[in-house]
Structure formats: C-alpha cells, structure tokens
2 protein chains.
Amino acid sequence: MNQMTLEKINVLMNGNIATPAGFTAGGLHCGIRKKKLDLGWIYSEKPATPAGVYTTNLFQAAPLKVTQESINTNHLLQGIIVNSGIANACTGEQGLADAYEMRKLFAEKMQIPTHFAAVASTGLIGELLPMDAIRNGITELDEKKHQQSERFENAILTTDTKEKGIAIQFEIDGKVITIGGAAKGSGMIHPNMATMLSFITTDADVEDTALQDALRQITNKSFNMITVDGDTSTNDMVLVLANGMAENKTLNPDHPEWDVFLKGLFFVCQSLAKEIARDGEGASKLIEVQVKGAETEEAARAISKAIISSNLVKTAIHGADANWGRVITAIGYSGANLDPNHVGVALGSIDVVANGMPVSFDEGEAKQYLMQDTVTIYASVGDGEGEATAWGCDLSYEYVRINASYRT
Amino acid sequence: MNQMTLEKINVLMNGNIATPAGFTAGGLHCGIRKKKLDLGWIYSEKPATPAGVYTTNLFQAAPLKVTQESINTNHLLQGIIVNSGIANACTGEQGLADAYEMRKLFAEKMQIPTHFAAVASTGLIGELLPMDAIRNGITELDEKKHQQSERFENAILTTDTKEKGIAIQFEIDGKVITIGGAAKGSGMIHPNMATMLSFITTDADVEDTALQDALRQITNKSFNMITVDGDTSTNDMVLVLANGMAENKTLNPDHPEWDVFLKGLFFVCQSLAKEIARDGEGASKLIEVQVKGAETEEAARAISKAIISSNLVKTAIHGADANWGRVITAIGYSGANLDPNHVGVALGSIDVVANGMPVSFDEGEAKQYLMQDTVTIYASVGDGEGEATAWGCDLSYEYVRINASYRT
C-alpha cells in the first residue's frame, strides 16, 4: 500500500501489526499444516488494554471462550497465540482443555501471567488440535528466529491467497500514535459480528471501556459490512491491544482528539475488512456497494448487505454482466421499506436505473467497467438520511471448486 | 412419477394441470424466445374459484398487479395466460399497460370477461414485452393445435431443464376429486412467498376464502421452504383455480373431509416445490433438510432454511464431502435459540454429530450416500415440538456458468 495522507492519517509503506511501539509478532511451522506456517504470535512489551468482539454463532469455538476469560480477568493482555489449520470448534471439553493448555504454554514461554494471553484458532471445525504439534511449536518458538510480521500474517491464513497487514500513524497530544493490524478471512465470511480473525495493535493509551465501545461501533461499519458467502463462522474474533507506549494522555470520548483516534481505528478496520472481501474464496474482484437515501442507517445496511450477499449479483459481476435487474431484486427483498419508483442504481459512473426504471446505457462501456478489479454499485433508494457501505466479492467457479473439496 | 398410494391419494401416471375435469392447457411459440415455446395458457370450461399468493419483493412485476385486480374484481377466474423470456418487471406504466393488454386479448380470444383472466410473466427483468409477438401469439393461439399440457409446462420454463407437472386423485363426498399442477423455477429461488410460477387446477368445489387460507398455509410449508440461491424474485406467484366440476359439496373447514382436500393440495404443492428445488440452476441433486426438536415451528423453519441456504453446505454436498461442520455452523447462526450441546446431525442414516460433537463415521460410506441424487440432512436441535422440512439443491460450477452469462 502506498504512503498517502487521509486527513491527518499516514498509511505507512510496509507498515504492519508490529509497527506500533513495543509490539513484536512472528510465526512458525509447528506441523498442523503440511508446510505452511501455522502458529503465530503477537507480543507487547507492556501489558495492553484489550478490546474484543466475537462471533454471534451459538457454536462459539473454545479459544474464544478462553480469550474472553483472559480479558475479563483483569482487562489486560500482553500476548496472543494463534493457530491455523484446525478451528478447535465443536470439540467439547477436550477442546476447551486444549485451548487452556495452549494459553498456559504460551504465557509461560513469554513469561507473562496466564490471563495476559489470548488464544485464537482458525481452520477445520470438529477436529481436536494436534496438541503435540502445538506444544512443540510453542517450545521451539524463538522470538528472534521467527520474529517477523509477515510470518505472523502468513501463519494465520487458511484458504486466503495473500497476507493482510497495515499500519497507520497520526498525532494526538503532539505524540505520534501508530495503529497496526493483521487479518485473515477467505470463506465462511458474513460477519455478525465478524467472520474472520483480525488483530489490531496500537501504542496509544486508551481507556478500557472507551476502546471496547469504539471497537464495537467501528466493527459494525467495517468487519460487519463484508460478506463472502453469507456464512458466519464459529471462530470469528477481532482483538485490539493498546499498550500506551506512545505516552499520549489516556484517550476516551472526553479527550479533544478522541475523534482522530476513532478515525484511525476505523481506517485500519475498514482497510482490513476490504482486504478480506477482496481475497474471498475464489474472488477475482472487490465489490463495494454504497447505499444512500434510506429511511435509516439500519435500512441502508440491510439493503447494502442484501445486494452484496446476492449470489445472482455476485455471479453477474463475475461475468462482467450489467444485470441491474438482480440489484433491483435484492433491494426489493432486503426487508427495508422504500418506494420502488424512487430507486436509482449506478455501476461506477454509469447510471443503469432511475426512478425504478431502466436507463439506456452503453453495454460495452459497462462491461469494461465491470472487468476492473474493483467495482462499485451505487444505490439511491429515496430521500432519507440512511447511508451504508458494504464490501464483498464475486462468486466464481473457483469458489465452488475450493468448497466442494475443502476437507479432502 | 409412478402411480402410488399415499393414504387416500392416488398420484396419476402422466397426470398434469389439465387432468382435472373441465381444464385445458397448451403452449406455443410467439417469438419472445428464439425457438422454445414461450406463451402458455390454462382454461377452465367453468369460471373457477381462485386463490393466489404473490412475491413479497417490493418490485412486484406488472402482471402480478393485473392478476390481483382480476381476482379481486369478482373472485372468479377462467383462464391464465403466461409468457416466458421477459418478466415485465421494472417496466413502469408501459409495462402495466402491456400486462392489461395481454389480459384483454387473451380474454377476448377465450370469450370470457376480461376480469376472468390472469396474467403471469417470467424471464428478464427491465425489458418491455415484445407486444407484437404477444399479440400475434394470442391471435394464432389455437385451442386444438396447441393444446397439450406438456406444451404449457414447456412454454413457462426459463433456465429450467425439465417440465414439472403432476396430478393426483382422491375422493370427497364419494366423488373423485382431481388436483393438477404445473410449475417453473430454476434461479432467483428463495420464496417468501414463492420464487417461481406455479399453477394448480382442481375440479373440487371449494369456498373462496377457505381456498385462499389453505393456499397460504400450505405455501408456507411447501413453496416457501425451498431455496436455490436465496434470491426472491419480482414475479413469483402461485395460482389455484377450483372449478367445482367434481360436484362435491362445497369444501370449507366445516366439511368433514376438508383435511383430505388440504392433504391433497399440500401433496401437489410439495411435489412441485421439490421438483423446482431439484431442477435449480446448475443443480445435480435435491437436498432435503429435516429439522426437529426446535422450540417452535418458526425456529425449525429458520434452522432448516439456514442450512439449505448455506453456500458452504451446498458446495460440500456438490463435492460429496461430509463436511458437517458447515451444517453445525449454519444451525449456530440461524437466529434460533438452542443449546449447542443438544444438537445432532445425520446425513441419511449416518450419524455425524451427537450432542454438538463429532461422531466417528465411515467417510467412504458418507461419500457414497452424498453422491445419490437425493440427499437428506437431519438435524435434531433439542427437545422442542418444532419441526420443519426445507428443500434445495447443490451449488455447482454450472450455477456460476449460467448466472455469469444469463443475459448474453
């Protein structure tokens, strides 16, 4: 990602989850996967204020339970251990015991209190973790040898095709604040809350409850607005660690620059969310859906998610077919109240529907536009104040291929 | 379909929508499609008591408005004209005028009052009907030459691969009652109400409001329980015509054999719904999901629809992969309240999950089972009374191929 300025925010070239002061991250191969790195960790020199959001799926995986227990114990985290390959979901008491052991071994290795460690897993549901591999991996984990953010980013991937990392900087209290992030997504992506693992670090000093509120609010506009396939996984989790090493005055909504921090956190979450959508299983492009004019923000979200979730819209975009009828159809069944005669749709700058009726447009031009690697669908649904943006990807042969044979 | 007895119901070999006394049906090619039959009609010798359910999509197509006006005028219908190729949806005032003209021309041809005719369309959204073709078609419509139920069944198809028809018989008041049906489905199938066109005829004498109530109730357990792709179309409609020619005593809930009629109507609706699901775009098999033990019937429906709608479940079944984790995941995000520890899942007779945990099973046997052309997923989610069954199909490369290039 290029260096750029967005208001006061600088996106750092090669920035990553270990860019904020005091954080390190790394990854290694412990043997859950055949060859790929499969065990990653994040560590903060100082105990950090944590915040987390978790899947709403009733089959919440064991590591999420352990992580929540860690956070609730004394609201401090200093490290996170993550494995890919096995999700440790639907694994009952043994799964829970394994997640506890994984936390304990990692905490010992890092010489931090047990409750200062969080655990995350992603991969196949219903299989027990190969604990020998995990044990050996944590024993062998060498902070120097395996330390590298790219290794962490790689270690958490499953069917993702690319590592996803970012870091940004801005000033608060005249101090440089850095926020870094890493994520994995790919399939089973329909956050509600999120549908993936996403980790965010910052050296900002942030008040506990303010950070939690901010994360929840921002997740609703970022991670919860992406979809790959409409399936909400058992293991989704977003964790933020704020270790305060930037030495700003503690941030909370009363701080005059609270909004700057919110904007920065939002930027990181949105960037990671879009990367996850773009790298959805089998995806060849990112689709962005911008809805405005809805009666409420909630209605706008429902409409944008109906469009981005439609298999028919997703396959049409895959085929670069300006099949706006499918967009209109999704708007019509979204559940949001609206007047069909006041609906307009555009593909990029090409108007295709106005007042609920087709507008004549150049099919060749539309096809050209839809062949880009990022496609934006604009829907204007009335005169209301409700706006929302959702992100997703096209539905391809490759999605079917990957998912018709994931386990084997 | 073979002749068989289900309690008192006989399924007629080669039975179809014109089997009930007094009904004829046919189809012809008028030129909307290149070669395929594209204009079909149903006619009843006597004016019939009608009942209808319509799409909940806000972008309801013009023919649905015209049909509802016909029915509401004097609660009698004698004929239905249907075209495929163009949906006459999102076509504004011109589209409405076209649907009115189509009704008028057909009523004149059949020498019935205008309001005794219903209109239905299916196909591309946003294009105007080629009215010259429709006019010529209705003029040329020859009751003898084009009369044949198979021609009607064919004329209403779009991307369907097979005609869908059925007729059954049973006795009420010692009289033989016949119910016939025809349907088309294929894509944009996620009824709410229904996602397709479905026409049902019967020579039973049925009270107006009783028929309407019965249809609505039965639709919720048949057409509204199927999904192909989660998209609810603009043109979905189920129409029933009951012309009374069987000369039974008028049926209503007070009639001692009302339940027999309900059972018959349900059988026809369920059969057509399953045929639609099996012939979903790109489908290679029918998937049936049976849920029991939910707290309420509504919860059971939500769970069964979450499973049958999951792209991940659909691709796994396509690949004959016993990936029960995806079934569990869908149960977990269905929105229904349940205890994950009391969930069991079976694929046919093979138990794969018990008490929320995996059960060891023979993968080869499971693969064999999932390669059948009908697959049943059983989910037991607790001790409640709520039960529901939903039907759908697998998600294949072919679905993507069809829908990445539907318009072109």
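I'd like to check something: does the range A:175-187 contain any residue that is modelled with pLDDT under 85, out of contact with any helix residue (DSSP H, G or I) (no Cβ under 7 Å at 6 or more places or on another chain) and small (Gly, Ala, Ser)?
Yes, that holds for at least one residue.
For the range A:300-340, name all the residues that are among the charged types (D, E, K, R) and either at the interface with chain B (Cβ under 9 Å from one of its Cβ atoms) or crowded, with 24+ Cβ neighbours inside 10 Å (or both). Full working, then the answer.
Residues of the range A:300-340 among the charged types (D, E, K, R): A:301, A:305, A:314, A:321, A:326, A:339.
The answer is A:Lys305, A:Lys314, A:Asp321, A:Arg326, A:Asp339.
Read through the list (1) modelled with pLDDT under 95; (2) crowded, with 19+ Cβ neighbours inside 10 Å, then give the number of the only condition that A:Ala346 fails.
Result: A:Ala346 fails condition (1) only.
Can you go through A:Glu365, A:Glu297 and tell me which one is over 28 Å from the mean Cα position of the chain (by Cα), farther than 30 Å from A:Ala404 by Cβ and away from every other protein chain (no Cβ under 13 Å)?
Going through A:Glu365, A:Glu297 in turn, the sole match is A:Glu365.
Exactly one condition in (1) open to solvent by 20 Å² or more (accessible area, probe 1.4 Å); (2) without any contact (Cβ under 8 Å) to a residue 12 or more places away in the chain; (3) in contact with a strand residue (DSSP E or B) (Cβ under 9 Å, 6 or more places away or on another chain) is not met by B:Gly364; state its number.
Evaluating B:Gly364 over (1) open to solvent by 20 Å² or more (accessible area, probe 1.4 Å); (2) without any contact (Cβ under 8 Å) to a residue 12 or more places away in the chain; (3) in contact with a strand residue (DSSP E or B) (Cβ under 9 Å, 6 or more places away or on another chain) leaves (3) as the failure.
Taking A:Val381, is it in contact with a Gly (Cβ under 6 Å, 6 or more places away or on another chain), within 14 Å of chain B (Cβ to nearest Cβ) and in contact (Cβ under 8 Å) with a residue 12 or more places away in the chain?
Yes, satisfied.
Of the residues that make up the range A:400-408, is at least one within 13 Å of chain B (Cβ to nearest Cβ), small (Gly, Ala, Ser) and in contact (Cβ under 8 Å) with a residue 40 or more places away in the chain?
Scanning the range A:400-408 turns up no residue that is within 13 Å of chain B (Cβ to nearest Cβ), small (Gly, Ala, Ser) and in contact (Cβ under 8 Å) with a residue 40 or more places away in the chain.
Please find, among B:Asp279, B:Asp254, B:Asp259, the residue that is free of Cβ contacts under 8 Å to residues at least 12 places away in the same chain, within 27 Å of B:Ala18 (Cα to Cα) and more than 14 Å from chain A (Cβ to nearest Cβ).
Criteria check complete, one pass: B:Asp259.
Any residue in the range A:252-271 that is open to solvent by 30 Å² or more (accessible area, probe 1.4 Å) and outside the structural domain of A:Thr49 (by TED's automatic domain parsing)?
Taking every residue of the range A:252-271 in turn, none turns out to be open to solvent by 30 Å² or more (accessible area, probe 1.4 Å) and outside the structural domain of A:Thr49 (by TED's automatic domain parsing).
Please work out which residue is nearest to B:Thr315 (Cα to Cα), limiting yourself to the range A:279-298 and to residues that are open to solvent by 60 Å² or more (accessible area, probe 1.4 Å) and either assigned to a helix (DSSP H, G or I) or acidic (Asp, Glu) (or both).
My answer is A:Glu298.
If you scan the range B:120-156, which residues turn out to be closer than 29 Å to B:Thr19 by Cα, open to solvent by less than 80 Å² (accessible area, probe 1.4 Å), out of contact with any Ser or Thr (no Cβ under 6 Å at 6 or more places or on another chain) and outside any helix (DSSP H, G or I)?
Passing the criteria: B:Ala120, B:Ser121, B:Leu141, B:Asp142, B:Glu143, B:His146.
Quick test of your reading of the structure: A:Leu370 fulfils all but one of (1) out of contact with any Gly (no Cβ under 7 Å at 6 or more places or on another chain); (2) within 10 Å of chain B (Cβ to nearest Cβ); (3) buried (at least 17 other Cβ atoms within 10 Å of the Cβ). Name the failing condition by number.
(2)
Can you find even one residue in the range B:21-31 that is in contact with a helix residue (DSSP H, G or I) (Cβ under 7 Å, 6 or more places away or on another chain), open to solvent by 10 Å² or more (accessible area, probe 1.4 Å) and closer than 25 Å to B:Gly95 by Cβ?
yes
Would you call B:Val352 of a type in the set (Val, Ile, Thr), within 30 Å of A:Glu398 (Cβ to Cβ) and open to solvent by less than 10 Å² (accessible area, probe 1.4 Å)?
yes
Being surrounded by 18 or more Cβ atoms within 10 Å (Cβ to Cβ), of a type in the set (Phe, Trp, Tyr) and more than 18 Å from A:Leu128 (Cα to Cα): is that true of A:Phe106 here?
On the way: surrounded by 18 or more Cβ atoms within 10 Å (Cβ to Cβ): yes; of a type in the set (Phe, Trp, Tyr): yes; more than 18 Å from A:Leu128 (Cα to Cα): yes.
For A:Phe106, the condition - surrounded by 18 or more Cβ atoms within 10 Å (Cβ to Cβ), of a type in the set (Phe, Trp, Tyr) and more than 18 Å from A:Leu128 (Cα to Cα) - is met.
Go through (1) within 15 Å of B:Leu28 (Cα to Cα); (2) away from chain A (no Cβ under 14 Å) and name the single condition B:Ala167 misses.
Just one mismatch for B:Ala167, condition (1).
Identify all residues within the range B:67-124 that are at negative phi, touching a Lys or Arg at 6+ places or on another chain (Cβ under 8 Å) and within 14 Å of chain A (Cβ to nearest Cβ); write none if there are none.
B:Leu96, B:Thr122, B:Leu124
Identify, please: which residue in the range A:384-399 is in a loop (DSSP other than H, G, I, E, B) and open to solvent by 10 Å² or more (accessible area, probe 1.4 Å) and is, among those, nearest to the other protein chains (Cβ to nearest Cβ)?
So, considering only residues that are in a loop (DSSP other than H, G, I, E, B) and open to solvent by 10 Å² or more (accessible area, probe 1.4 Å), the one nearest to the other protein chains (Cβ to nearest Cβ) is A:Gly384.
Which one of these does B:Gly137 not meet: (1) within 30 Å of B:Tyr399 (Cβ to Cβ); (2) in contact with a Cys (Cβ under 7 Å, 6 or more places away or on another chain)?
For B:Gly137, the exception is condition (1).
The values are calculated or read from the model by the stated rules, or taken from the named source; none is laboratory data. Everything numeric here is computed off the predicted structure, so don't read it as measured data. Here the Cβ is made from the backbone with ideal geometry for all residues, glycine too, and neighbour counts use every protein chain on show. What goes into the accessible areas is simple: the full protein's heavy atoms, side chains included, and nothing from ligands, DNA or RNA. Shrake-Rupley method; radii C 1.70, N 1.55, O 1.52, S 1.80 Å.
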